[in-house]
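I have placed the structure first, in the form of structure tokens, so that the comments after it can refer back to it.
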Amino acid sequence: MEEEMHTDAKIRAEIGTGCSPRGPGCSLRHFACEQNLLSRPDGSASFLQGDTSVLAGVYGPAEVKVSKEIFNKATLEVILRPKIGLPGVAEKSRERLIRNTCEAVVLGTLHPRTSITVVLQVVSDAGSLLACCLNAACMALVDAGVPMRALFCGVTCALDSDGTLVLDPTSKQEKEARAVLTFALDSVERKLLMSSTKGLYSDSELQQCLAAAQAASQHVFRFYRESLQRRYSKS
Amino acid sequence: MAEPVSVAAEYLAGSRARAARTVLGQVVLPGEELLLPEQEDAEGPGGAGERPLSLNAGARSRVRVVCGPGLRRCGDRLLVTKCGRLRHKEPGSGSGGGVYWVDSQQKRYVPVKGDHVIGIVTAKSGDIFKVDVGGSEPASLSYLSFEGATKRNRPNVQVGDLIYGQFVVANKDMEPEMVCIDSCGRANGMGVIGQDGLLFKVTLGLIRKLLAPDCEIIQEVGKLYPLEIVFGMNGRIWVKAKTIQQTLILANILEACEHMTSDQRKQIFSRLAES
């Protein structure tokens, strides 16, 4: 009886974000997000971008080992598990990027000497993985009720060999691209929280990608708002 | 380079702070800023920051507003830090603008002074019991904080017992401390919770809903079977009925109440009352 109740209660919010204001080739893939789907973590969320899917769980504010505690703020830990195999160096570096983004946004000073742990599991990877991880982490932190000063989202851009900008690239587009740039933006003033780039690009191209990412983040934040409103409208 | 600038300007225009009054009952997201009633008068209908002329320039009467859970003071405004519905309560008597808070759904408990909680005794060290309340740290409970306890007459508390008590010290910097007596020294229902029964965990929002003054769920449950029930603000409920089967039924009903509408609930109650 319990599982059925939980299945009924899961709120699925799906929005197809068709296009961004720019032109062909700059559209974001279909988004879907589901919150509160795991029973053990304090907050959980599953974020889908096209075929890329990441499951996030947040535990906190919880007990922390004395060796890891910080006297005046919460210790934030991020664990990223790949779909197959053991976590390696690439996962460690992504964990660090996500942790730095979360630390900029989470009000850790409200919970000193505690730990907030974000566990991310890659369910399927079809491009823009880091952006999807960031989005899932943000939704899971909101679901857990961790106090934050803003929401954040991740957007990936890929630059072709002839300079065309593609937002939210698939893995094929990422492989063929000259440069892949991922940005984390906050919701209050679309400020840049984190950027991770790979490949060759010029300064003006960077600015162009950043502007495109800021425009695209509007759609992501609107999707967050609608999905959260749907969740609270049920209660 | 003009592109990013123009794009940024659009966003800033869109993220202007809204008046708290207009957002009451709506879902607010972390990062939003809310204006208090006194400030929006100052902003004026034209938005040009016109202020009425007053003879006494410095004597603006400030309305004192209490910032509840989910909100932080940010300069003159309120910053939303959790996602949920914005609520407001008028002040009962006297001055003040009342309380604003965000009603959010959460599973994790953070100790708050004055809250009554159910804890599990995890350790006995010297004069203090360590009690797990579901927060980030175990709370400490002195053996003298029970009714009628003296140094010679120690309370009979073992590791693994359930305790119903309230917090006297609970802030972010110190270890939480709880007691099982009220300010007059009487137990008032607090203390060790008896044998048998079932302890289970629900979300904090459900506890608040069940403890609201006009909650029908508890009245209906009471009509079903005779029962004893204890609610802890940390999301824990202890329930005991005559038989184990009845106890389990009650536990399942209370857990499921979160997701059911009142019609579904009435159906289930009527079905149980028949059988």
Query raised in the report: Within region A:42-60, which residues are open to solvent by 10 Å² or more (accessible area, probe 1.4 Å) and not aromatic (Phe, Trp, Tyr)?
Result: A:42, A:46, A:48, A:50, A:51, A:53, A:55
Report task. Among the residues of region B:79-102, count how many are assigned to a strand (DSSP E or B), within 14 Å of chain A (Cβ to nearest Cβ) and open to solvent by 30 Å² or more (accessible area, probe 1.4 Å). Result -> 3
Query raised in the report: Does residue A:73 qualify as being of a type outside the set (Asp, Glu) and either surrounded by 16 or more Cβ atoms within 10 Å (Cβ to Cβ) or modelled with pLDDT under 95 (or both)?
Result: yes
Query raised in the report: Restricting to region B:205-222, what's the tally of residues that are of a type in the set (A, V, I, L, M, F, W, C) and in contact (Cβ under 8 Å) with a residue 24 or more places away in the chain?
Result: 5
Query raised in the report: Can you tell me which residues in region A:110-125 are more than 8 Å from chain B (Cβ to nearest Cβ) and in a helix (DSSP H, G or I)?
Result: none
**Report entry** Within region B:103-132, considering residues that are among the polar types (S, T, N, Q) and assigned to a loop (DSSP other than H, G, I, E, B), the one most open to solvent (accessible area, probe 1.4 Å)
**Finding:** B:105
Query raised in the report: Considering only strands (runs of 3 or more DSSP E) fully contained in region A:126-235, which possess at least 3 residues that are under 15 Å from the mean Cα position of the chain (by Cα), within 14 Å of chain B (Cβ to nearest Cβ) and touching a residue at least 12 places away in the same chain (Cβ under 8 Å)?
Result: A:152-159, A:179-186, A:192-199
Query - Boolean, residue B:265 is farther than 23 Å from residue A:37 by Cβ and touching a Cys at 6+ places or on another chain (Cβ under 8 Å) - result: yes
Query - Positions within region B:236-256 being within 10 Å of another protein chain (Cβ to nearest Cβ) and closer than 21 Å to residue B:106 by Cβ, in sequence order - result: B:255, B:256
Query raised in the report: Restricting attention to region B:133-143, does a residue exist that is surrounded by 15 or more Cβ atoms within 10 Å (Cβ to Cβ), outside any strand (DSSP E or B), more than 19 Å from the chain's Cα centre (by Cα) and more than 14 Å from chain A (Cβ to nearest Cβ)?
Result: yes
Query - Lone unmet requirement of (1) touching a strand residue (DSSP E or B) at 6+ places or on another chain (Cβ under 6 Å); (2) in the same structural domain as residue B:34 (by the TED database) for residue B:130 - result: (2)
Query raised in the report: From the residues in region B:80-127 that are under 11 Å from the mean Cα position of the chain (by Cα) and among the aromatic types (Phe, Trp, Tyr), which one is modelled with the lowest pLDDT?
Result: B:101
Requested in this report: Give region B:232-272 a look and list any residue that's part of a helix (DSSP H, G or I) and either under 25 Å from residue B:135 (Cβ atoms) or open to solvent by 70 Å² or more (accessible area, probe 1.4 Å) (or both), or say none.
Outcome: B:244, B:245, B:248, B:251, B:254, B:255, B:263, B:264, B:266, B:267, B:271
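The values are calculated or read from the model by the stated rules, or taken from the named source; none is laboratory data. Since the structure is predicted, the reported quantities are computational estimates derived from the model, not experimental observations. Heads up, the Cβs are rebuilt from the backbone with ideal geometry, glycines too, and the neighbour counts pull from every protein chain shown. To get the accessible areas, we keep the full protein, side chains included, count just its heavy atoms, and leave off ligands, DNA and RNA. Shrake-Rupley method; radii C 1.70, N 1.55, O 1.52, S 1.80 Å.
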